[in-house]
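> Mind having a look at this structure? Questions to follow.
The values are calculated or read from the model by the stated rules, or taken from the named source; none is laboratory data. Everything numeric in this text was worked out from a predicted model, so none of it was measured. Cβ placement follows ideal geometry from the backbone for every residue including glycine, while neighbour counts extend to all protein chains displayed. For the accessible areas, the whole protein counts, side chains as well, though only heavy atoms, and no ligand, DNA or RNA atoms are used. Shrake-Rupley method; radii C 1.70, N 1.55, O 1.52, S 1.80 Å.
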Amino acid sequence: MSNIKDIFVTPLGLNNPVAAQVLGICSALAVTAKLGPAIIMGLSVTAILALANVVISLMKNTIPSRIRIVVQLVVVAALVTIVSLILKAFVYDVSVQLSVYIGLIITNCILMGRLEAFAMQNNALDSFWDGLGNGLGYAIILVIVAFIRELLGSGSLFDWHIPEFAYENGYLNNGLMLLAPMALIILGCVIWFLRSKKPELQEKN
Amino acid sequence: MNTNSNGYTIAYASILVTIVAALLAIVYSALNDRIEDNVKLDTKKQILSALNIKDDENAADIFEKNVKHYVMAEDGSLKEYDGKFITVFSKDTNVHVFECNVNDTIKYVLPVNGAGLWGPIWGYVALKNDKNTVDGIYLGHEGETPGLGAEIANEKFTEKFIGKKVFGEGSDDILLGVEKNGKVSLPNHQVDGISGGTITSKGVDAMLKDGLSKFKAFLTKSNVSAESASSAVNVTPAITSAPAAADSSVSAEGKGQDGYGDFSEVEKRVDMVDSIHSEVKKLAK
């Protein structure tokens with residue numbers, strides 16, 4: 001069992017897909033302007049990644065190595081499409097909120113990265129935990145970045161807003177926070193923080 | 001079995017693709033009816049939301065009772081529409097107008113669509129009885145950037161449109177639109193754009209101008225007949241208001257045919273500019 005625990009826990013911190021493996025940066029920049037969508041995106045990636053990991057891990061012995069990336073892509077795309085159709089049929093409101101992210105999930109490099117690096121070599125159960133761990137590790141980073149960006153950029157968190165008296169006394173929202181470059185800088189700071197706390201992440205030059 | 005041989009690879013790919021395609025087809029056909037119903041209901045909710053009716057529970061009933069679906073004929077008159085209910089993006093050459101009876105006042109909802117930064121955007125513009133004042137607006141998008149372009153769907157943005165006029169005073173130019181934040185020059189018609197969402201804001205602007213121009217025949221119909229019911233059809237509305245005349249020489253030229261006064265105004269200005277030029281030249285010497 002300790003093995004499963006390791007597989008699940010390390011991606012949350014030490015081997016975080018965004019901060020340590022530097023995967024999924026593009027979507028991390030795109031969806032972190034607000035906290036709500038960031039959480040939705042994090043959870044949808046987690047669900048799809050866990051599912052895709054299991055499917056690929058079950059198929060791994062039959063997949064011809066020359067077209068394995070194509071096979072992985074087809075599986076992910078099919079899963080994402082089916083999930084999105086089911087959402088549209090049964091919880092339409094949620095699917096409207098998610099519509100932006102569905103497309104981003106397919107192109108998310110964390111999926112391809114984990115399928116290729118983990119699911120192709122490990123059994124279904126381990127792959128499931130790996131998908132869950134990496135998805136949540138991704139979600140944590142999204143939440144951290146989105147928290148900073150929404151608070152400083154829009155002056156709000158979900159439905160909470162910075163009280164009026166702050167603005168009356170000269171406080172201003174930083175519009176730069178809403179733009180993608182600031183997301184990259186914040187992400188850089190998060191990685192910097194993580195690496196300074198965990199020296200084992202630093203490369204030896 | 002050798003999983004690296006050409007034959008195996010080709011067979012594997014073909015079978016995989018067939019299975020996936022069949023799976024998708026089955027799921028799609030099983031769920032399609034439900035999805036279409038959801039889309040229709042959602043469209044009705046959007047139309048009602050443009051009319052500031054936000055009762056999600058009974059949206060279908062309220063819509064049935066209060067909204068009449070018309071198509072616009074070329075001369076601007078409305079004809080009853082009894083075909084399939086359509087959404088903004090249905091391929092349909094008819095120009096659809098929804099006439100709504102809200103608390104005994106007639107309002108019109110006009111569907112428009114356009115392009116944002118990443119994908120399509122659409123809107124439902126509700127106009128008051130005068131076919132000029134915006135009563136409410138619903139803006140939708142498929143995939144604009146959250147926190148930036150996606151803010152067009154936010155009520156904080158859409159409520160800014162309430163009370164704006166579609167047409168310039170005494171003209172049939174559609175002025176309703178979105179202008180870059182802080183650059184609004186026609187506060188009766190323009191709304192502040194979203195900073196960081198410039199391309200989406202421009203998309204909304206273009207969508208309103210293009211989209212509403214399709215309804216011009218309908219929108220100007222009663223206006224013209226109210227002003228001069230007996231006169232000929234091709235009377236273009238005269239430019240009488242001072243701000244329009246003082247606008248710029250370009251607009252004066254564009255409307256020169258029905259605004260002779262404007263030309264003399266322009267000529268005066270040209271003379272003035274010439275004299276200033278010569279003054280400057282003298283000073284330079």
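> Grab the DSSP H runs of chain A that are 4 residues or longer, score each as -39,500 (n - 2.57), total them, divide by all residues and round the 222 nm result to the nearest 500 deg cm²/dmol.
Value at 222 nm, helices only: -21000 deg cm²/dmol.
> Could you list, bin by bin from short to long, the percent of Cα-Cα pairs of the range A:64-160 in 10 Å steps?
For the range A:64-160, the pair-distance distribution reads 13, 33, 35, 15, 3, 0.
> Mind running the shape call on the range B:78-180? Use the C-alpha gyration tensor, a ≥ b ≥ c as the square roots of the eigenvalues: rounded below 1.5 for a/c, prolate if a/b tops b/c, oblate otherwise.
Verdict is oblate for the range B:78-180.
> Once you average over the residues of A:86-93, how many Cβ atoms of partner chains fall within 10 Å of each Cβ?
Per residue, the number of nearby Cβ atoms from other chains is 5 on average.
> How large is the charge dipole for the range B:147-189, taken about the Cα centre, if only the Cβ atoms of Lys, Arg (+1) and Asp, Glu (-1) carry charge, to the nearest 20 debye?
160
> Determine the gain in length on full extension of the stretch residue A:168-residue A:65; use 0.36 nm per residue of separation and subtract their C-alpha separation, reporting nm with one decimal.
That pair, residue A:168 and residue A:65, stretches by 30.8 nm at full extension.
> Efficiency by 1/(1 + (r/R0)^6): what FRET value for residue B:85 and residue B:278, r their Cβ-Cβ distance, R0 = 56 Å, to the nearest 0.05?
Values: r = 68 Å, r/R0 = 1.21.
About 0.25, to the nearest 0.05.
> On to the next question. About the Cα centre of the range B:123-196, what is the dipole size in debye to 20, counting +1 per Lys and Arg Cβ and -1 per Asp and Glu Cβ, all else neutral?
With only Lys, Arg, Asp and Glu charged at Cβ, the dipole is about 140 debye.
> In peptide B:141-152, how many Cβ atoms from other protein chains are near each Cβ within 10 Å, on average?
So the per-residue partner count for this stretch is 6.
> How well do other chains shield peptide A:72-83, expressed as the mean number of their Cβ atoms within 10 Å of each residue Cβ?
Other-chain Cβ atoms within 10 Å of each residue's Cβ, averaged: 3.
> Between A and B, buried accessible area summed over both sides at probe 1.4 Å, in Å² to the nearest 100? Before the final figure, lay out each step's value.
Working: alone 11100 and 17580 Å², together 26190 Å².
What A and B bury together is about 2500 Å².
> Ignoring chymotrypsin sites (Phe, Trp or Tyr not before Pro) that are buried or in helix or strand per DSSP, and keeping those with at most 15 other beta carbon atoms within 10 Å, what is the longest stretch of chain A between them?
A:1-157
> Listed here are the pairs B:45/B:164; A:88/B:45; A:34/B:40; which of them are more than 18 Å apart at the Cα?
Listed pairs above 18 Å: B:45/B:164; A:34/B:40.
> Pop a pseudo-label 7 angstrom from the Cα along the beta-carbon direction at both residue A:185 and residue B:128 and give the gap in nm to one decimal.
Distance between the two pseudo-spin positions: 4.6 nm.
> Still on this structure, please answer the following. To the nearest 20 Debye, how big is the dipole of chain A about its Cα centre, given +1 on the beta carbon of each Lys and Arg and -1 on that of each Asp and Glu?
Using Cβ point charges on Lys, Arg, Asp and Glu, chain A gives about 600 debye.
> Could you please put B:107, B:84 in sequence from largest to smallest accessible area, using a 1.4 Å probe?
The ordering from most to least exposed comes out as B:84, B:107.
> Could I ask something else about it? What full-extension length gain, to one decimal in nm, is calculated for residue B:195 and residue B:64 as 0.36 nm per residue of separation minus the Cα-Cα distance?
Full-extension gain reported as 43.3 nm.
> What residues of the range A:113-134 lie in the reach of a label at residue A:200, counting those whose backbone N is under 12 Å from a point 7 Å from the Cα along Cα→Cβ?
Zone members listed by number: none at all.
> Under the 0.36 nm per residue contour assumption, what length would be gained going from the current alpha-carbon distance of residue B:11 and residue B:32 to full extension?
4.5 nm
> Ratio of chain A's C-alpha Rg to 2.2 N^0.38 Å, to two decimals? Present the calculation step by step, with values, prior to reporting the outcome.
Working: Rg = 18.5 Å, N = 205, 2.2 N^0.38 = 16.6 Å.
Dividing the Cα Rg of chain A by 2.2 N^0.38 Å gives 1.12.
> Over the alpha carbons of the range B:1-61, what is the largest minus smallest coordinate on each principal axis, giving the biggest first in Å?
65, 19, 13
> For residue B:185 and residue B:99, what does the FRET efficiency come to when R0 = 45 Å and r is the distance between their Cβ atoms, rounded to the nearest 0.05? Please report the intermediate quantities before stating the final value.
Details: r = 33 Å, r/R0 = 0.73.
Step by step, r from the Cβ atoms, then E = 0.85.
> Could you tell me what a quarter of the Cα convex hull surface of the range A:129-191 works out to, in nm² with one decimal place?
5.3
> Give the accessible area for residue B:51 in Å² (nearest 10); use a 1.4 Å probe, count only protein heavy atoms, and leave out ligands, DNA and RNA.
Estimated to the nearest 10 Å², residue B:51 gives 10 Å².
> So, R0 is 45 Å and r is the distance between the beta-carbons of residue B:213 and residue A:116; what FRET efficiency does that work out to, to 0.05?
0.30
> Where in the range B:5-21 does accessible area fall by at least 50 Å² between the isolated chain and the complete protein assembly, at a 1.4 Å probe radius?
Those are B:9, B:12, B:16, which lose 50 Å² or more relative to the chain on its own.
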